[in-house]
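As structure tokens, the structure follows; a few thoughts come after it.
The values are calculated or read from the model by the stated rules, or taken from the named source; none is laboratory data. If you're wondering where the values come from, they're calculated on a predicted model, not measured in any experiment. All Cβ positions, even for glycine, are placed from backbone atoms using ideal geometry, and neighbour counts span all protein chains on display. Surface areas here come from the heavy atoms of the whole protein model, side chains and all, with no ligands, DNA or RNA. Shrake-Rupley method; radii C 1.70, N 1.55, O 1.52, S 1.80 Å.
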Amino acid sequence: MTDQELVRRVREGDLAAFRTIVDQNKLAVFRLAYDMTGNRQDAEDISQEVFVKAYRSLERFRGEAKLSSWLYRITVNACHDHHSRKRWNAMRPDGQMEERDETPMFHGHAGDDPETAAERTMMQGHIEAALERLTPRERAVFTLRHYQDLSLREIAGILKISEGTVKSMLFRALKRLQKELQFYRKDLGVQRP
Amino acid sequence: MMTHWECEQLFVEALYGELTGPRRHQFDDHLAGCEDCRGAFQRLAEVSALMDHRERSEPTAAEWTAFWNELEDRLTAGAKTETPRNSILDRLRPVHISWAAGIAAVVLVAFGIVIGQRVGVPTDGDLGTHFSTAEKILLNERALNYLERSKVLLLGVVNGGFVEPTSGLAREQEISRSLVTEAANLRQELTAADEQRLKQLIAELEVILLQLANLEQTADIPALEIIRGGVERQGLLLKINLEQMRAQAPPVPADTARKPTTERKPI
Ligand SMILES: [Zn+2]
């Protein structure tokens, strides 16, 4: 069934059709939210928001873009909203920001020897910390290209910015990650699989 | 023959497999003959490979079923019973639109300004009369920190607050007062010629923050609307964003063969 057909059915009140939309897109939405926030619980909450929002504003979906792109866009906005709200909640009455330690906990895989598990945990922590250093917009662009494997053109369409802007933001994001992770070099055995 | 700068402009596309045809050949030719660009591209590829090692845990099938059940409950609970989570999402919408609308104005402002000039790094002969470099960097860090906190506050206000409406504006006002005090200090200390744009922005913010601090405690909705309007009309949030981006811009590379990063288009 095409996106248009599914959307038409949902508009007619067919909840099963909406479930199909959710099933087809939930993993992508969840992953994007996870990559944007670095937190699984937040990602689940945001995914709920995204689908509630999508359901209620489906009449605004005109079919000019892919349904998945439209959902990505809602997800990015929901993540920005989430970020602002978190910052606001972390603000003390004297206007200072509370220091938050949100470095996620990672656990080694079953079968890892303790040393490997520890290294793995440390590397995950460093990667998350580096991602935290990106601005929300840089993080959105990086995540959409690197983890969601969307083309620069698709990202431009989703974020409604020019392809050139996507490129320069992605370049900036990569340079920042490079700076944050400069102590990892090739000699540590990091190679593209 | 491709220049270093032109080559660097293609790094992102090349890295993600979006560079094809003759441009790819030109790119490869340049890399083959240029150690600098080859090294720079290699380092970018390394960090990209490192990011591939990121792991994330995903919901199990049972958790996805629970996810749908919760979603279904929310969808069928009726469109009238708006959840707080969703109302926050809805409130954010006008802000996105107004930010977009404000872009034109701010881009004009940006064109008149040297983009990429690092707020924290003084230029030769342009130091304040009595500030050492270290003091100046500290001052600029304070200023940037102030901008960030003002942004968080203004986002909260413009979006109707992220807290329960019953608590009124007490928290927003208390924070405003603290920030106004800081703004006054910063304005006195920002004296150098290259700090005047920052100082101006801080002064604009101060007016808005003062208005907010002085609102009558009894949910003064019309006055609050005026403040929101002021934030949007002046594009304050966008100006803060721009100022933060300037501070983040990488320093101009020493290699004069490269086109300076300061000439890149602003976002
Ligand atoms: Zn070169």
Check your understanding: Of the residues that sit in the stretch B:3-15 and are open to solvent by 30 Å² or more (accessible area, probe 1.4 Å) and part of a loop (DSSP other than H, G, I, E, B), which one is nearest to the ligand (Cβ to nearest atom)?
Key -> B:Thr3
Revision key, fill the gap. Scanning the stretch B:47-82 for residues that are more than 7 Å from chain A (Cβ to nearest Cβ) and over 27 Å from A:Gln148 (Cβ atoms), the one modelled with the highest pLDDT turns out to be B:Asp73
Review point. Filtering the stretch A:146-168 down to residues that are in contact (Cβ under 8 Å) with a residue 12 or more places away in the chain and at the interface with another protein chain (Cβ under 7 Å from one of its Cβ atoms), which residue is nearest to B:Glu8 (Cα to Cα)?
Key: A:Lys167
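So that you can scan it fast, the table gives a plain yes or no per residue for (1) within 19 Å of B:Arg56 (Cβ to Cβ); (2) out of contact with any Leu (no Cβ under 7 Å at 6 or more places or on another chain); (3) in a loop (DSSP other than H, G, I, E, B):
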{"residue": "A:Val7", "(1), (2), (3)": "no, no, no"}
{"residue": "A:Phe18", "(1), (2), (3)": "no, yes, no"}
{"residue": "A:Asp23", "(1), (2), (3)": "no, yes, no"}
{"residue": "A:Leu27", "(1), (2), (3)": "yes, yes, no"}
{"residue": "A:Gln41", "(1), (2), (3)": "yes, yes, no"}
{"residue": "A:Glu44", "(1), (2), (3)": "yes, yes, no"}
{"residue": "A:Val50", "(1), (2), (3)": "yes, no, no"}
{"residue": "A:Glu59", "(1), (2), (3)": "no, yes, no"}
Exercise for review: Starting from the stretch B:1-29, take each residue that is within 11 Å of chain A (Cβ to nearest Cβ) and list its partners that are among the small types (Gly, Ala, Ser) and more than 16 Å from the ligand (Cβ to nearest atom), counting only C-beta distances under 6 angstrom and pairs at least six apart or across chains.
Suggested key: B:Leu15/B:Ser48
Practice item. Go through the stretch B:24-44 and give me each residue that's surrounded by fewer than 16 Cβ atoms within 10 Å (Cβ to Cβ) and either of a type in the set (A, V, I, L, M, F, W, C) or within 9 Å of the ligand (Cβ to nearest atom) (or both). Key: B:Ala32, B:Gly33, B:Glu35, B:Asp36, B:Arg38
Check your understanding: Inside the stretch A:49-73, can you point out the residues that are within 11 Å of chain B (Cβ to nearest Cβ), within 15 Å of the chain's Cα centre (by Cα) and surrounded by fewer than 22 Cβ atoms within 10 Å (Cβ to Cβ)?
Key -> A:Arg73
Exercise for review: Taking only the stretch B:172-192 into account, find how many residues are open to solvent by less than 20 Å² (accessible area, probe 1.4 Å) and in a helix (DSSP H, G or I).
Suggested key: 7
Exercise for review: Answer yes if at least one residue in the stretch A:32-43 is open to solvent by 30 Å² or more (accessible area, probe 1.4 Å) and either assigned by TED's automatic domain parsing to the domain that holds A:Thr135 or at pLDDT 95 or above (or both), and no otherwise.
Suggested key: no
Practice item. Return the only residue of B:Glu141, B:Glu164, B:Glu195 being modelled with pLDDT under 85, acidic (Asp, Glu) and surrounded by 14 or more Cβ atoms within 10 Å (Cβ to Cβ). Key: B:Glu195
